[in-house]
Amino acid sequence: MKNLTIGLFGFGVVGEGIYQVLKDKPGLKTTVKKVCIRDINKDRNAPAHIFTDQPAELLFDPDINVIVELIDDAEAALPIVKAAMEQGKSVVSANKKMIAENHAELIELQQTFDISFLYEAAVCGSIPIIRNLEEYFDNDLLNYVCGIVNGSTNYILSKMQTEHLDYQVALEEAQKNGFAESDPTLDVEGIDAAFKLSIIALHAFGELVNPYQIPREGISQLQTEDIESATALEKKVKLIARAQHHDGELELSIKPELVGDDCILSEVNNEYNGVLLGSSLADEQFLYGKGAGRYPTASAVLSDISALRYGYRYEYRKFNRVNSVPSLVSIP
Ligand SMILES: NC(=O)c1ccc[n+]([C@@H]2O[C@H](COP(=O)([O-])OP(=O)(O)OC[C@H]3O[C@@H](n4cnc5c(N)ncnc54)[C@H](OP(=O)(O)O)[C@@H]3O)[C@@H](O)[C@H]2O)c1
């Protein structure tokens with residue numbers, strides 16, 4: 001088992017969470033040596049000497065063998081992650097936007113520099129979806145992956161449904177309770193869900209998909225009457241991300257769908273996420289858990305960090321198969 005010395009980027013909701021979790025787990029033989037943040041003058045709940053606003057202090061420190069990237073700026077994250085890989089450091093990230101927009105390049109860099117690049121927390125927070133798709137579902141043929149992958153919109157829809165709030169009031173409540181950003185566009189327009197679905201598509205079906213080309217409809221146009229009509233039909237409105245094989249083609253969509261109580265996704269409420277996996281042998285399976293929040297997300301980051309101790313990396317076997325043997329794309 002390797003000892004890990006971490007350079008942490010970001011000390012916000014998730015960054016501070018993973019810092020505190022690692023501090024309380026000395027048995028993991030993992031230390032955070034330095035933390036890079038944007039504003040060096042903010043008060044922090046950790047010793048001042050570990051903080052810097054100079055990325056180079058982490059990226060070029062030969063003692064640091066892992067960079068954990070947990071910043072909220074996808075454009076700034078990309079050069080950080082690339083520089084870390086070029087320095088031979090493994091990387092853990094939760095940044096779905098940065099990953100979805102640059103997946104091909106990041107996979108190539110992982111191979112070129114022979115490091116691990118893990119990102120379980122980028123999709124559905126605490127739910128171990130990526131590693132399941134990558135490892136467990138390597139043999140059984142998946143037919144579909146669909147579910148609720150965005151906690152903010154699910155919270156808003158749940159409040160509209162159960163408390164009869166209109167969209168704007170439910171959004172404001174989600175923001176007040178920390179379940180939605182002050183600029184909620186990425187969530188409510190389904191863009192965040194598209195980032196996650198493109199990452200899912202790669203690990204489930206081996207297909208690299210441009211997230212901006214996924215047909216998408218958000219929830220911002222939903223009216224109270226739409227929710228009431230659904231209730232009259234004994235259904236709920238849920239923002240569903242769907243990746244499904246149909247006649248050998250992979251079909252992807254993000255859109256509000258009516259879900260009846262015969263589908264377990266109707267039980268996924270508030271900030272929770274849930275994903276259904278349909279496969280040829282196992283039929284249907286269901287993963288459920290918190291899609292966001294400090295410690296749920298930190299648990300997925302921690303799992304990636306632990307996996308680095310035995311050198312784990314995604315092998316993208318389905319992607320490599322799809323790309324080297326094109327006929328395998330047409331899974332019956
Ligand atoms: N929050 C969640 O529940 C959740 C769930 C799943 C995935 N994620 C992902 O996790 C990542 C972090 O999210 P978060 O909610 O923890 O964000 P956050 O609370 O807004 O914190 C962001 C942190 O990044 C730092 N930062 C921003 N730009 C930087 C830069 N250029 N260089 C160095 N540090 C920089 C900020 O520094 P200052 O403190 O100085 O401002 C802050 O500490 C994002 O990619 C997000 O999508 C979050």
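Computed quantities for the displayed model
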item: All positions within the stretch 33-77 that are β-branched (V, I, T) and closer than 24 Å to K97 by Cβ; result: V35, I37, V66, I67, V68, I71
item: Inter-residue pairs, beta-carbon under 6 Å, first hydrophobic (A, V, I, L, M, F, W, C) and in the stretch 282-298, second more than 9 Å from the ligand (Cβ to nearest atom) and open to solvent by 40 Å² or more (accessible area, probe 1.4 Å), 6+ apart; result: F286/I264
item: Of all residues making up the stretch 102-141, the number that are open to solvent by less than 10 Å² (accessible area, probe 1.4 Å), outside any helix (DSSP H, G or I) and within 18 Å of A243 (Cβ to Cβ); result: 4
item: Qualifying residue in the stretch 176-188 (condition: closer than 30 Å to Y136 by Cβ, more than 22 Å from the chain's Cα centre (by Cα) and open to solvent by less than 60 Å² (accessible area, probe 1.4 Å)); result: no
item: Residues satisfying the stated conditions in the stretch 12-70, i.e. among the hydrophobic types (A, V, I, L, M, F, W, C), away from the ligand (no atom under 11 Å from the Cβ) and either open to solvent by 70 Å² or more (accessible area, probe 1.4 Å) or modelled with pLDDT of 95 or more (or both); result: V21, L22, V32, A46, A48, I50, A56, L59, F60, I64, V66, I67
item: Filter result for the condition that a residue is under 14 Å from the mean Cα position of the chain (by Cα), under 19 Å from L239 (Cα atoms) and touching a residue at least 60 places away in the same chain (Cβ under 8 Å), over A122, A100; result: A122
item: Residues that are within 11 Å of the ligand (Cβ to nearest atom), among the aliphatic types (A, V, I, L, M) and more than 14 Å from I130 (Cα to Cα), drawn from the stretch 293-311; result: A298
item: Residue in the stretch 244-259 that is modelled with pLDDT under 95, under 22 Å from K159 (Cβ atoms) and not hydrophobic (A, V, I, L, M, F, W, C) present; result: no
item: Subset tally (residues that are more than 18 Å from P296 (Cβ to Cβ) and of a type in the set (F, W, Y)) for the stretch 12-63; result: 2
item: Any pair with Cβ under 8 angstrom, 6 or more apart, that starts in the stretch 302-322 at a residue that is open to solvent by 50 Å² or more (accessible area, probe 1.4 Å) and ends at one that is of a type in the set (D, E); result: E315/E134; R317/E134; R317/D138
item: Residues within the stretch 28-59 that are closer than 19 Å to V92 by Cβ and not β-branched (V, I, T), tallied; result: 10
item: Hey, S116 over 17 Å from L197 (Cα atoms) and in contact (Cβ under 8 Å) with a residue 60 or more places away in the chain or not; result: yes
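The values are calculated or read from the model by the stated rules, or taken from the named source; none is laboratory data. Please read these numbers as outputs of a predicted model, since none were measured by experiment. Ideal geometry is used to build each Cβ from the backbone, glycine not excepted, and the neighbour counts take in all protein chains shown. We work out accessible area using only protein heavy atoms, side chains counted, and drop any ligands, DNA or RNA first. Shrake-Rupley method; radii C 1.70, N 1.55, O 1.52, S 1.80 Å.
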